[in-house]
Protein chains: 2
Amino acid sequence: MKSKAVFYHAGCPVCIDAERNVAMAIDPAKYEVEIVHLGQDKARLKEADDAGVKSVPALVLDGAPFHINFGASIDALR
Amino acid sequence: MKSKAVFYHAGCPVCIDAERNVAMAIDPAKYEVEIVHLGQDKARLKEADDAGVKSVPALVLDGAPFHINFGASIDALR
């Protein structure tokens, strides 16, 4: 049976593509990957909160939260 | 050809198993995954620095750094 991986984000315009790279790098043979935009899907906020998500983007693997911070280049923000 | 994924860490005693879960969740069909303990393998520091790694644990996918912060439970630290 596959484990569950949920990638939560909120549409950060600088980082979204890069963040999705992380979700897309997850092994589909091991994990059923779901991507949730918490800014648009506020009904999922409680579930994210319950999993221990404190900030986005975050990846929840088997119920354990990992907070991911992309080190965006200053140049990307100009 | 596989892309390169490098997971850098420094042996955090609370988080190491959980952090490795992230590295192990990477799709081996897409990425060649390497795990580097920067505390023990200081010769790799410059390479991590050059990739933009500012803190550990970090995952570098195709040369782009993602900083991962495991939300360790307070209970795990007692």
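A short reminder: the numbers here are calculations on the coordinates, not readings from a lab. Please read these numbers as outputs of a predicted model, since none were measured by experiment. Cβ placement follows ideal geometry from the backbone for every residue including glycine, while neighbour counts extend to all protein chains displayed.
Local charge sum around B:K4 (other residues, Cβ-Cβ under 14 Å, Lys/Arg +1, Asp/Glu -1)?
Taking every other residue near B:K4 into account, the sum is -3.
Using a cut-off of 20 Å between alpha-carbon atoms, which lysines can reach A:K30, once sequence neighbours fewer than 8 places away in the same chain are excluded?
Here the lysines satisfying the reach criterion relative to A:K30 are A:K2, A:K4, B:K2, B:K4, B:K30.
Based only on other Cβ atoms within 10 Å, what is the fewest-to-most ordering of B:F66, B:F7?
Working: B:F66 26, B:F7 23.
Least to most surrounded, the residues fall as B:F7, B:F66.
Assume the label is 7 Å from Cα along Cα to beta carbon: what separations in nm does B:K30 have to the matching positions in the other copies?
From this label point to the equivalent ones elsewhere in the assembly: 1.3 nm.
Taking the Cβ-Cβ separation of B:M1 and A:S55 as r and a Förster radius of 25 Å, what is the calculated FRET efficiency to the nearest 0.05?
On the way: r = 34 Å, r/R0 = 1.37.
The pair B:M1/A:S55 has a calculated efficiency of 0.15.
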